[in-house]
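To keep things clear, I will list the structure first and then write my remarks on it.
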Protein chains: 4
Amino acid sequence: MAEPDDNPPMQGFNAALGIQLLKVEAGEVSAQLEVGPHHHQPWGIVHGGVYCSIIETVCSVGAQVTLTPGSGFIVGVDNHTSFLKATRSGTLRTVARPLAVGGRTQLWEANIENEQGELVATGRVRLMVVPAGKTLAGEPAGVK
Amino acid sequence: MAEPDDNPPMQGFNAALGIQLLKVEAGEVSAQLEVGPHHHQPWGIVHGGVYCSIIETVCSVGAQVTLTPGSGFIVGVDNHTSFLKATRSGTLRTVARPLAVGGRTQLWEANIENEQGELVATGRVRLMVVPAGKTLAGEPAGVK
Amino acid sequence: MAEPDDNPPMQGFNAALGIQLLKVEAGEVSAQLEVGPHHHQPWGIVHGGVYCSIIETVCSVGAQVTLTPGSGFIVGVDNHTSFLKATRSGTLRTVARPLAVGGRTQLWEANIENEQGELVATGRVRLMVVPAGKTLAGEPAGVK
Amino acid sequence: MAEPDDNPPMQGFNAALGIQLLKVEAGEVSAQLEVGPHHHQPWGIVHGGVYCSIIETVCSVGAQVTLTPGSGFIVGVDNHTSFLKATRSGTLRTVARPLAVGGRTQLWEANIENEQGELVATGRVRLMVVPAGKTLAGEPAGVK
């Protein structure tokens with residue numbers, strides 16, 4: 001199994017979730033997450049929001065690094081995630097790739113597999129390019 | 001602003017997120033979440049996965065309590081959430097109601113507002129009824 | 001029941017479908033469609049694509065007339081439609097309103113009801129603003 | 001290019017659209033459609049509802065033939081289609097395959113390409129299994 005590479009440590013919600021980025025390149029991002037009790041919904045299986053969140057992260061990171069440098073920053077606008085197989089434990093592996101890359105919008109897809117290589121969730125994220133220099137929620141956009 | 005009622009404390013991922021249920025009734029569920037740095041993505045705004053997760057929780061809880069008691073349990077199968085307004089802080093309020101309630105499937109919608117009453121995210125969750133007695137991820141279904 | 005107003009007759013796919021626009025204003029569009037055998041799938045109920053198509057039309061028309069005149073033209077990028085109640089005949093009425101209107105993207109929602117006022121389908125369309133002067137599929141954009 | 005096989009001629013909305021099924025097997029369905037002016041929206045490009053409709057048809061047909069014979073019939077409940085590239089003319093080819101096949105629900109994905117092999121639209125359809133013997137819109141279910 002691949003080891004997390006030397007990508008910067010995750011912060012904020014990504015740190016709380018425990019997502020580890022494995023690969024970050026234009027056109028492909030992969031990540032892993034070790035399932036624990038803090039990912040469960042009341043039936044003791046992984047909460048659907050965990051899958052949505054992983055997918056949101058990898059697609060957003062992927063769209064940002066795929067964007068022409070300096071042209072702006074990426075914000076997700078729609079996340080559509082489907083849950084295929086209930087999971088209680090183990091390591092989840094996710095790979096994200098773009099379906100369409102344009103100057104104003106990108107569409108990315110991510111697939112999450114369990115340790116047996118079974119597809120447990122899959123989703124698509126629509127992302128918009130916000131041109132450089134625009135503000136975001138009242139502040140200059142950028143890493144905080 | 002309404003205070004959280006005496007619903008049972010959230011556990012697992014719901015506790016990690018900090019969701020507080022305000023109202024749980026057949027046909028309507030509401031909840032609130034106080035935004036903190038652990039909800040942020042790298043630009044310092046609420047991570048899209050947080051909105052998806054809140055929506056997944058309130059729609060699932062709502063579908064479960066709307067189901068005829070004893071007839072089975074609810075699992076979400078698709079979550080489609082749209083992000084309308086970037087948010088940095090404050091209390092988010094969510095209300096969920098059903099669009100369709102059947103014996104095999106339900107469709108719920110949830111809307112998340114900021115403290116100014118602006119819609120910041122909205123989503124729909126498709127849920128399936130798993131008949132009583134069926135297993136879930138290899139174990140009898142039920143609260144763990 | 002409202003009568004179709006004096007909006008221009010529908011052409012192309014909208015004419016083939018038989019959609020009649022009832023109201024076209026910034027912030028609200030309504031339409032009707034008389035169900036016939038040419039809308040059926042093999043079980044003799046309205047084909048899901050008919051609902052998607054109605055929703056695509058009313059949301060796109062609505063987003064276009066809501067856009068600041070001269071600022072560009074609208075193209076839909078994602079359509080997410082849910083089917084709630086099987087229908088065999090009668091007149092379907094649809095109302096569309098925006099959930100978010102921005103300079104680069106809009107999100108619209110449309111609800112389709114049968115003659116009994118029951119919700120039979122509901123959907124959301126994500127739309128992008130293409131700035132004036134850009135080409136579309138190799139030609140200057142505009143009504144053909 | 002493959003020729004339409006000897007599948008039964010399409011009726012109702014499928015005939016109106018002009019969809020030709022090329023292959024119908026458990027686990028894979030393909031189809032083609034020759035674009036004409038009756039598929040256009042006002043800008044002279046293929047209407048988004050046409051893509052949704054093709055995807056609805058191939059996924060529904062696929063789910064039905066993948067279902068254990070005699071166990072029931074398939075109805076679509078959600079269709080989520082993304083539009084990637086505007087198209088004016090030519091033959092569109094579509095292939096659909098399942099992402100998940102269960103006894104109560106299936107999830108299918110379909111991709112539509114133009115004559116250059118470019119992906120122009122892609123979508124996913126959530127389908128439910130209605131057990132044999134149940135009625136549909138007030139009538140026994142089955143081909144009409």
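The values are calculated or read from the model by the stated rules, or taken from the named source; none is laboratory data. Remember, it's a predicted structure, so these values are computed and weren't measured experimentally. With ideal geometry, Cβ positions are generated from the backbone for all residues, glycine too; neighbour counts draw on all protein chains shown.
For B:E34, are the conditions met, namely being out of contact with any Asp or Glu (no Cβ under 8 Å at 6 or more places or on another chain), touching a residue at least 40 places away in the same chain (Cβ under 8 Å), surrounded by fewer than 20 Cβ atoms within 10 Å (Cβ to Cβ) and among the charged types (D, E, K, R)? When the stated conditions are applied, B:E34 passes them. Across segment D:55-77, the number of residues qualifying as more than 17 Å from C:V125 (Cα to Cα) and touching a residue at least 60 places away in the same chain (Cβ under 8 Å) comes to 9. Please go through segment D:20-31 and give me each residue that is surrounded by fewer than 24 Cβ atoms within 10 Å (Cβ to Cβ) and not charged (D, E, K, R), ordered by number. Within segment D:20-31, D:Q20, D:L21, D:L22, D:V24, D:A26, D:G27, D:S30 qualify.
Screening C:C52 on (1) closer than 18 Å to D:W43 by Cα; (2) touching a Cys at 6+ places or on another chain (Cβ under 6 Å) shows it passes everything except condition (1).
Got a sec? Which of B:E118, B:E139, B:E113 is surrounded by fewer than 22 Cβ atoms within 10 Å (Cβ to Cβ), more than 7 Å from every other protein chain (Cβ to nearest Cβ), more than 18 Å from B:I54 (Cβ to Cβ) and acidic (D, E)?
Exactly one residue qualifies, and that residue is B:E139.
Among the residues of segment C:103-137, those identified as free of Cβ contacts under 8 Å to residues at least 12 places away in the same chain and at negative phi are C:Q116, C:T135.
Just one residue in the set C:S82, C:S71 is among the polar types (S, T, N, Q) and within 12 Å of chain D (Cβ to nearest Cβ); that residue is C:S82. Restricting D:T91, D:T105, D:T68 to residues that are surrounded by fewer than 20 Cβ atoms within 10 Å (Cβ to Cβ) and either touching a Lys or Arg at 6+ places or on another chain (Cβ under 7 Å) or at pLDDT below 95 (or both) narrows the list to D:T68.
Filtered by the rule that a residue be more than 7 Å from chain C (Cβ to nearest Cβ) and of a type outside the set (G, A, S), segment D:33-56 gives D:L33, D:E34, D:V35, D:V46, D:Y51, D:I54, D:I55.
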